[in-house]
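Step one of this worksheet: look at the structure below.
The values are calculated or read from the model by the stated rules, or taken from the named source; none is laboratory data. All of these numbers come straight from a predicted model, not from anything done at the bench. We place every Cβ from the backbone using ideal geometry, glycine too, and count neighbours over all the protein chains shown. These accessible areas exclude ligands, DNA and RNA; they are computed on the full protein's heavy atoms, side chains included. Shrake-Rupley method; radii C 1.70, N 1.55, O 1.52, S 1.80 Å.
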Protein chains: 2
Amino acid sequence: MRPTVNDIAREAGVSLATVDRVLNDRPGVRAKTAEAVQEAIRRIGYVRDVAAANLARQRDYRLAFVLPDTDSQFIRTLLGALTDAGHLSAALRTDVVLRRFPAEDPHALAGILAALPEAGVVGVALMAPETPVVRDAIRSLRQKGLAVVALVSDLPNTERDHFVGIDNRAAGRTAAVLTGRFLRAGPARVMVLSDSMLLRESIERRLGFDEVMQARFPGIGVLPSLETHGQGALLHDFVGQTLARYPDIGGIYSLGSGQRALTTCLDRLGRAGQLVVIGHELTPHARTALESGAMDAVITQNVGHVVRSALRVLRAKADRGPIDLSQEQIRIEIVIRENLPASLPPGPGTRLSAAREEN
Amino acid sequence: MRPTVNDIAREAGVSLATVDRVLNDRPGVRAKTAEAVQEAIRRIGYVRDVAAANLARQRDYRLAFVLPDTDSQFIRTLLGALTDAGHLSAALRTDVVLRRFPAEDPHALAGILAALPEAGVVGVALMAPETPVVRDAIRSLRQKGLAVVALVSDLPNTERDHFVGIDNRAAGRTAAVLTGRFLRAGPARVMVLSDSMLLRESIERRLGFDEVMQARFPGIGVLPSLETHGQGALLHDFVGQTLARYPDIGGIYSLGSGQRALTTCLDRLGRAGQLVVIGHELTPHARTALESGAMDAVITQNVGHVVRSALRVLRAKADRGPIDLSQEQIRIEIVIRENLPASLPPGPGTRLSAAREEN
DNA sequence: GCAGGAATGACGTACGTCAATCAAAGAGCC
DNA sequence: GGCTCTTTGATTGACGTACGTCATTCCTGC
């Protein structure tokens, strides 16, 4: 049988009340007595029954996900994973609230963050670019005792508790190795596309990409990044012109997650399947592109894993409990057509309640 | 506030007892009444508080992992993941017992399996080759109400509830694409090594490998598999002879998980780093081989994920609950030096208790 | 309309923990 | 020794669910 608090009390020769005080480090216990209790705990190998504890405590974890209101495929995938996970974690007394902020408005974001403590939120997963305003908002949240994790995009110079996502520089390096090795012939050029080079991810990926390209594939010339800002027309023109100007272009590296515009553009230019095309994030479009051969590889992170990891970490932080780093490490996945995971129907479809969804 | 069973009772206009009967589908409720209760559940959005339920039920999940007693790196990694997971899932009222069986003795295995029900085990994760004896043992376990999942190696013609692992044919296809694309020049040959071609994994991987090779890389000749049976000397001789006989060998595909013998052998032959070397399973040796450049890619599955998934599935099956397929899908991961996950120190080191470890 | 079985209700206890109370015992100080 | 102030003990009622017993009500067929 698993030992309980009563066993500790008996073993340590103290009362249940004292054990409780020690367990929840409440004041009113002499250091020596506390040590005796700890010793008893160690001796009989007691582990707190979190379920019973949470039941008694009437605890529920109210966690907020704060995301930009951009309507990209990636965000949509993330939201899908979030609703799935939210449904499952009902069993874990977890209650997820979603907040969206105007992508280009750090002050609006700060306002949303500032309002979270009053909404009873005890932990926040935040996907946002790092700005001074955001830095301050995070500090203020932390001071109020909320746990904060950075999601997908790290916020290294803030007081966030944890980062859930991949090392984008390593992701860029990975992309470079694949590009370099997939290009069979000798000298060639590679085009680099990006939604916006203001995003930390894009910069880091590019950095990693260039590192490897210079060191391991000196015969391959890498063109400067083009920022498309989500504008298909701009992309189409540029890709067409560049391909015409440099006939030796053998590959395209797409730093961002928007792959649809690129593949349709290559299609219209009649160049689909002729170039090595590598991009990021396994969105539905990327998936079809891999299946059709329009893309050769996608570097991605498992979004479901990202969301679940964020939830676990936030719960652990809220309890000041430990986290299992090996489980929380998000892997940089390489996906080609052959190891494409089967696409599953969306989850049980529990929407986050409307009341919570609106702002 | 989250709705409780009492709310259901009030809402449906029945007593608590009836609600309970419906929830745990016990007999003694008219179909019409049961439907009314279900309707009330739907209406108020009740979700059972699994924690409280398990607490009340005094339930704990006693799950067994049954593995061969081979001392390979892969098994060792698996065991590591298992002890880590076992430690964590103490909080989930889960209690893992480990059983090892002599690798070549199906009858011993059957004996071990047969003894599980009496040990109070409610679910079994089994890694073993499929034999008639095992098939019967599994059927008998299922009849006694135990849940059975196949681990790593599938048992498709048995009555197992679920398979936790990867599609090895797809893994072989993936290996083929990488081999083919990494070999820069035109025509070449590829050597294939295997511990034993009797294992289902090896056969399936080879199958997938050949499929892709024939279809997409007709210029590459694939040699027949050599079975090394874990004997380094044999491997060394064969690799040396084959390399001498076919000077156009450009790559080696290692079907099994033992990579150490291969890399040391290439080292001694002075051919390390000159061939495209691709293998399976991210063991510590494979990791060093990737880091040193002795291997080019490893196709692997996340062992931690495999173990946790098996635990989740077994718990769910034991409760006749649903499982979240998207979370339980094990991905075929491609690992190269650039996306090698950081190696973490082993977990908190809770050994499975000795009493349980010894058969 | 009545027996007989099936369906339902009422109630109590338990699970392991938390949190609060009040009382009692001990320590430290003058 | 008498006084605070701190530490400890004993007890109790939740939390949401399971599950048993026993009593009662509802159908169904005759």
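Which members of segment A:241-270 meet the condition of being of a type in the set (S, T, N, Q), in contact with a strand residue (DSSP E or B) (Cβ under 7 Å, 6 or more places away or on another chain) and not in a loop (DSSP other than H, G, I, E, B)?
First pass over segment A:241-270, keeping only residues of a type in the set (S, T, N, Q): A:241-242, A:254, A:257, A:259, A:263-264.
Retained after the next criterion (residues that are in contact with a strand residue (DSSP E or B) (Cβ under 7 Å, 6 or more places away or on another chain)): A:242, A:254, A:257, A:259.
Answer for segment A:241-270, where residues must be of a type in the set (S, T, N, Q), in contact with a strand residue (DSSP E or B) (Cβ under 7 Å, 6 or more places away or on another chain) and not in a loop (DSSP other than H, G, I, E, B): A:242, A:254.
Please go through (1) within 12 Å of DNA strand C (Cβ to nearest atom); (2) free of Cβ contacts under 8 Å to residues at least 40 places away in the same chain for residue A:11 and return the number of the only condition it doesn't satisfy.
(1) is the only condition that residue A:11 fails.
Can you tell me which condition residue B:125 does not meet? The list is (1) at pLDDT 95 or above; (2) more than 20 Å from residue B:312 (Cβ to Cβ); (3) more than 14 Å from chain A (Cβ to nearest Cβ), and all the others hold.
(2)
Having 2 or more residues that are among the basic types (Lys, Arg) and open to solvent by 10 Å² or more (accessible area, probe 1.4 Å) is the bar; report the helices (runs of 4 or more DSSP H) wholly within segment B:97-214 that clear it.
Numbers: elements: B:106-115, B:132-143, B:168-182.
So the answer is B:132-143, B:168-182.
How about segment A:63-90: which of its residues are open to solvent by 50 Å² or more (accessible area, probe 1.4 Å) and closer than 30 Å to residue B:58 by Cβ?
Passing the criteria: A:87, A:88.
Restricting attention to segment A:1-22, report how many residues are of a type outside the set (D, E, K, R), open to solvent by 40 Å² or more (accessible area, probe 1.4 Å) and within 27 Å of residue B:61 (Cα to Cα).
Matching residues across segment A:1-22 total 4.
Is it true that some residue in segment A:94-111 is touching a Lys or Arg at 6+ places or on another chain (Cβ under 8 Å), over 14 Å from residue A:307 (Cα atoms) and in contact (Cβ under 8 Å) with a residue 12 or more places away in the chain?
The answer is no; no qualifying residue exists.
Do any residues in segment A:51-76 that are closer than 17 Å to residue B:92 by Cα have Cβ atoms under 6 Å from those of residues that are within 16 Å of DNA strand C (Cβ to nearest atom) and open to solvent by 40 Å² or more (accessible area, probe 1.4 Å), where the two are at least six apart or on different chains, and which pairs are they?
Once the first residue is closer than 17 Å to residue B:92 by Cα and sits in segment A:51-76, its partners that are within 16 Å of DNA strand C (Cβ to nearest atom) and open to solvent by 40 Å² or more (accessible area, probe 1.4 Å) give A:51/B:55; A:52/B:55.
Which strands (runs of 3 or more DSSP E) does segment A:271-342 wholly contain that include 3 or more residues that are farther than 18 Å from residue B:300 by Cβ and out of contact with any Cys (no Cβ under 7 Å at 6 or more places or on another chain)?
On the way: elements: A:276-280, A:297-300, A:333-335.
Those strands (runs of 3 or more DSSP E) span A:276-280.
For segment B:1-55, give me each residue that is away from DNA strand D (no atom under 11 Å from the Cβ), among the charged types (D, E, K, R) and away from chain A (no Cβ under 14 Å).
Residues satisfying the conditions are B:10, B:11, B:35, B:39, B:43.
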